[in-house]
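Report on the following structure.
The values are calculated or read from the model by the stated rules, or taken from the named source; none is laboratory data. Being a predicted model, the structure only gives us computed values, none of them experimental. Counting neighbours? That spans all protein chains shown, and the Cβs are built from the backbone with ideal geometry, glycine included. The protein model used for the area step is the full one, side chains on, heavy atoms only, and it has no ligands, DNA or RNA in it. Shrake-Rupley method; radii C 1.70, N 1.55, O 1.52, S 1.80 Å.
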Amino acid sequence: MSDKIALRPVALTDNTLISAMITQAFVAGEEAVPHSPAWTPKSVAEIISMPGFKGILASSEGEPLGFLLCRTAADEAEILNLGVLASARRCGLARAMLEEFIIQAQALGAARIFLEVASRNKGAQAFYSAFGFKGVGRRREYYSIGEEGFDDALVLVRQLSRQ
């Protein structure tokens, strides 16, 4: 991967790509984390078609490596899913996408951004904490983790400054 990161809006035609990237980013490999099996190409297309949807696709040299799926409504924004392929982690992709979305959310008048993260996903929690996200709730047994049972979702929020 080169140092050149390109960010572009997610298009409806990216639904199959995003669905495959979710599987690669969260299911495959030894660092599997809970995710919803509902991220099929059809369900991703439905999300992309929702009012208020915002999505960012990160790539390097034309190769898709990460994505951020969000939505905004009134003065709130929500991160639905953020993932980076294992081969591209620790290169600043997630940071670049989140920084871009924060700018977009503020421009749209959002006062806060919400998200959920698995309680056992300490890396993601540290990442979001570095961006000022704070815990405000817990959804018990929210994520199915296969034979291990379930994992709680932590609800995090970051307040935004109004522009």
Got a number for carbon plus sulfur as a percent of the chain's accessible area, 1.4 Å probe? 51
With the charge dipole of the chain built from beta-carbon charges (+1 for Lys and Arg, -1 for Asp and Glu) about the Cα centre, the Cα from A153, G55, A105 projecting farthest to the positive end belongs to A105
At 1.4 Å probe size, with every protein chain present, just tell me what the per residue accessible area of the chain comes to in Å². 54
Provide, for the chain, the number of lysine pairs with alpha carbons under 26 Å apart, each pair being eight or more places apart or on different chains. 5
Computed magnitude of the charge dipole of region 8-163 (debye, nearest 20; Cβ of K, R +1, Cβ of D, E -1): 500
For region 35-151, what are the per-bin percents of Cα-Cα distances with bins 5 Å wide, up to the bin holding the maximum? 2, 10, 19, 22, 22, 18, 6, 1, 0
Whose amide H sits under 5 Å from the amide H of F150, counting only residues 5 or more places off or on another chain, with H placed in the peptide plane? I145
